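Everything on this sheet refers to the single structure shown next.
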Amino acid sequence: LNVSVPVRAGDEIGDLTQAFNRMVDSINQSKKDLNDTRLYLKNIIDSMPSILIGVDSQGNVTHWNQEAERVTRLDEEQARGEAIEKLIPQFGEYLDNMHQAINQRTRQKIEKVAYQFREETRYADIVVYPLIANGVKGAVVRVDDITSRVRFEEMMVQSEKMASVGGLAAGMAHEINNPLGGIMMAAQNI
């Protein structure tokens, strides 16, 4: 498709040659547009701050974004075709949710999953979106790191507990102080 046939005559063969050249140009433009769209979509997927993994119906990786590469230290070529539980064993116990999402074509969400990562406990939300168009069987798995949010919530709960204990202590001090004040005044009068 990289050849343009020169038009030599204005007859039927020349018309056929021109039609062939237009067809080749159209195919090349379509290929360029398709490649541009593919690169644009890959750029969108790679720009996401979440781990995005495309899987087929057997759970083998078809797409792997840059955040997945950064976290797992595996590039897309190494990940493609591998089973997701092999690449990310921390989430292996949630494979049933992925298969359920694919088979029932319903979104599955698992919240606040605790896992060990580089000797640290981290938390993630996992959402499995089934692919539902054109009879394609598979899913997109999104993993959001929510560790900082969980830690912030834990700090808020701890500070609320401390405020409650402080309020309780102040209330008890007040309840003890009132009778003591009365006793002190009566003792001074005596």
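The values are calculated or read from the model by the stated rules, or taken from the named source; none is laboratory data. Here the structure is a predicted model, which means the values were calculated and not measured. For neighbour counting, all protein chains shown are included, and Cβ atoms are generated from backbone atoms with ideal geometry for every residue, glycine included. To get the accessible areas, we keep the full protein, side chains included, count just its heavy atoms, and leave off ligands, DNA and RNA. Shrake-Rupley method; radii C 1.70, N 1.55, O 1.52, S 1.80 Å.
Quick notes on this one:
- Inclusion of Leu52 among residues that are among the aliphatic types (A, V, I, L, M), closer than 21 Å to His63 by Cβ and without any contact (Cβ under 8 Å) to a residue 12 or more places away in the chain is not warranted.
- In the range 1-53, the qualifying residues are those that are of a type in the set (Lys, Arg) and more than 30 Å from Asp144 (Cα to Cα), and the one that is farthest from the chain's Cα centre (by Cα) is Arg8.
- Any hit, the range 144-158, residues being on the phi > 0 side of the Ramachandran plot and out of contact with any strand residue (DSSP E or B) (no Cβ under 6 Å at 6 or more places or on another chain): no
- Of the set (1) open to solvent by less than 80 Å² (accessible area, probe 1.4 Å); (2) more than 30 Å from Arg122 (Cα to Cα); (3) in a helix (DSSP H, G or I); (4) at pLDDT below 85, all apply to Val5 but (3).
- Taking residues in the range 151-171 that are within 30 Å of Ala124 (Cβ to Cβ) and in contact (Cβ under 8 Å) with a residue 40 or more places away in the chain, and partners anywhere that are β-branched (Val, Ile, Thr) and open to solvent by 80 Å² or more (accessible area, probe 1.4 Å), not one pair has Cβ atoms closer than 7 Å while being at least 6 places apart or on different chains.
- Among the residues of the range 107-157, the one identified as open to solvent by 60 Å² or more (accessible area, probe 1.4 Å) and touching a Gly at 6+ places or on another chain (Cβ under 6 Å) is Leu131.
- Scan of the range 29-75 for residues that are open to solvent by less than 70 Å² (accessible area, probe 1.4 Å), polar (S, T, N, Q) and not in a helix (DSSP H, G or I), ordered by number: Ser50, Ser57, Asn60, Thr62, Asn65
- The selection criterion, being on the phi > 0 side of the Ramachandran plot and free of Cβ contacts under 8 Å to residues at least 24 places away in the same chain, does not hold for Asn177.
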